[in-house]
Structures are given as structure tokens and as C-alpha cells.
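Heads up: the structure comes next, in C-alpha cells.
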Amino acid sequence: MSKDNATLADSRWTVEPVIPFGRALRATAPGTHVDDVPVEALRALVREHHLVLLRGFDSFEAPEQFSAYCENWGEPAQWPFGTVLELVEKEQPEDHIFDSSYMPMHWDGMYRDHIPEFQVFQCVHAPGADNGGETTFSHTPRVLERTDPAVVDRWSKVTGTYHRAMEFYDSVTVSPIVTSHPVSGTPVIRYNEPTAADDEGFVNHPDLKFTGLDDDGIAEVHRSLRAALYDPEHLYAHAWQTGDLVFTDNYTLLHGRNAFTSGAPRHLRRVQVHGNPPLANPGLVK
């Protein structure tokens, strides 16, 4: 019996690999609820495999129930709207988070006082087949391990300065592209992928500046880094099904979103959960 199956052994679900990384628990007995899965074992699984999917489980009807469940994982991040972000398309969005466009790779909490360790997503309603809207995740330690050391050395010379103003904050953060996991010390990537400046359909471009190399060198860093982050060996694009719960390791992964058909019924809920102790944002300038 594998370590995963020994830790979470139960006839009510199976534990399976997710390709190219992560684990999936699939309910096999009707009426099995998310609450039936031990949180301590799930937390350990997320820290080891960085992404865990629960599919086919009974879940939470109301956002308050979802938030209360997430408190079992740790302290939820507080926002002006509370703890649960309702990710749904708005008719006239003021920011791309509420649009149907793609979302570039980034890490959560980069503009806030504290960076959450976990993200917990609940799919209230999937966008539907062929409508896109996959949430994308890149395994940054694997990117660094499998990339030519000379290329990684060039990445390591570059620092990003990121400014983003939206409804919930107006902040600047500074981070080297290659840095260390705050607990394990494992090398990880912290990067907010640039959008095309002439992409007029993208709502509320962040202001990004990268230093450490000349212009040609910076352009090559963006090209090679994007190719590595989106390499199928490193990238998992989660196609949502209604009822899915996905738990992710925000200290390790970068994430984004594929564009989806405008008007598709894509509805996710997200709660961010702090580590213990909460991680003060090392790059926050203001």
C-alpha cells in the first residue's frame, strides 16, 4: 500500500495520481461528504504533492459553510468582502479577475501583508464542456530542477517590481524571480507573468518592471520562463466539474486561468488559508 493510501485508507474513496502532479480523491460511496476526509491527512498530502482534488463528494451549499470548513485548515485570509471570494463573470468588470479573459501566472497574496499557504477552491457550477475556464497551475520546483542551470542562472539575476491597483488594494511588491520556499528552503519561482501591452481586451493591466539584465536579456527571460512554466511536464490545467474541491500549495505553485466563453455559467468560490504562523509578505513595499 502506498504512503498516500495508507494515510487516507477508506473504502469510501480512492486516491489516485493527477498528471503531471497532484493527487485526486474520488468518492466511491454515495453520500460521502468532504467533512469525512481527515483534514490533517489532506494538509500533508497538499504539502507533499502541492495540489489535491476531491471529486464526487457531497459538499457545501452556502459560502458560510465553505468558510467554516476552511477554518479547519487554519486561519482564513480576511478581505473587505469576508473570507469567500465569489469568482463569477461580471457584466462590466473593473478587473480581469471578474472577466472571462485569461489570467496570467502569479501567486496569491503578492500584494497583501501576508501570503497564504493554501488556496481552497469550490466549483459551484462548472463552465460546461468546451467553454474553457480551466485554472492553470505550474510546479515551480520541477521547472527549476528540469531547466538548464545556465538558464536558471539568468532567471536568478532578474527581479520583478509589481504594481497593481484594484478594488481591494493598491500595492507594490518586489521579488526576485528565483527565491526560496519560506518553510523548506526549496528553490521556487515567484513571477507575475506579463500581459501583452496592446491586449486591449485585458481589463486593468498591472504595472510590471523587471531589472537585472539588459532589455534583450529580460525579453529572453520572459520567453524561456513562459515556455518552462507552460511545459506539459510542469503545467496542470484543471477542467472544472460542478462540486469539485481543489486544495493547492500557494508557497510552491504559480497559477492562472484560461479564458472562457463569456456568459458561461462558471462559478468558483475561493478561500485563502494562512500558514502557522502567517507568512509576512517579504516583498511588500506599500
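Things to note:
- Taking the C-alpha atoms only, the angle from helix 215-229 to the longest principal axis of the chain is near 10 degrees.
- Counting only alpha carbon atoms, the long axis of helix 39-49 and the longest principal axis of the chain meet at about 40°.
- Charge sum, other residues only, whose C-beta stays under 15 Å from residue 158's C-beta, Lys/Arg counted +1 and Asp/Glu -1: 0
- Charge context of residue 249, other residues only, Cβ under 13 angstrom, K/R +1, D/E -1: +1
- Extension gain for residue 230-residue 165 works out to 20.7 nm (0.36 nm per residue, less the C-alpha to C-alpha distance).
- Taking the DSSP beta bridges with both ends in the range 3-277, the antiparallel portion is around 90 percent.
- Footprinting exposure proxy ranking of 130, 36, fewest other C-beta atoms within 10 angstrom first, gives 130, 36.
- Rounded to the nearest Hz, the phi-derived 3J(HN,Hα) couplings of the range 85-96 under the Karplus curve 6.51 cos²θ - 1.76 cosθ + 1.60 (θ = phi - 60°) are 8, 8, 8, 9, 5, 9, 5, 10, x, 9, 8, 5, where x marks glycine and proline.
- Shape descriptor for the chain: Rg over Rh equals 0.95 (Cα atoms; Rh from the Kirkwood inverse mean 1/r).
- In straight-distance terms, cross-link reach from residue 209 covers every one of the aspartates and glutamates whose alpha-carbon lies under 17 Å from its own, apart from those fewer than eight places away in the same chain; here that gives 170, 193, 198, 220.
- Each Lys or Arg adds one and each Asp or Glu subtracts one; over the other residues with Cβ under 13 Å from the Cβ of residue 82, this totals -1.
- Annotation: aspartates and glutamates with alpha-carbon distance below 20 angstrom to residue 90 (same-chain offsets under eight excluded): 99, 134, 167, 199, 200.
Read the figures in this text as sums done on the coordinates, not as results from a lab. Just so it is clear, the model here is predicted, and its values are computed rather than measured. Note that we place each Cβ from the backbone using ideal geometry, even for glycine, and neighbour counts take in every protein chain shown.
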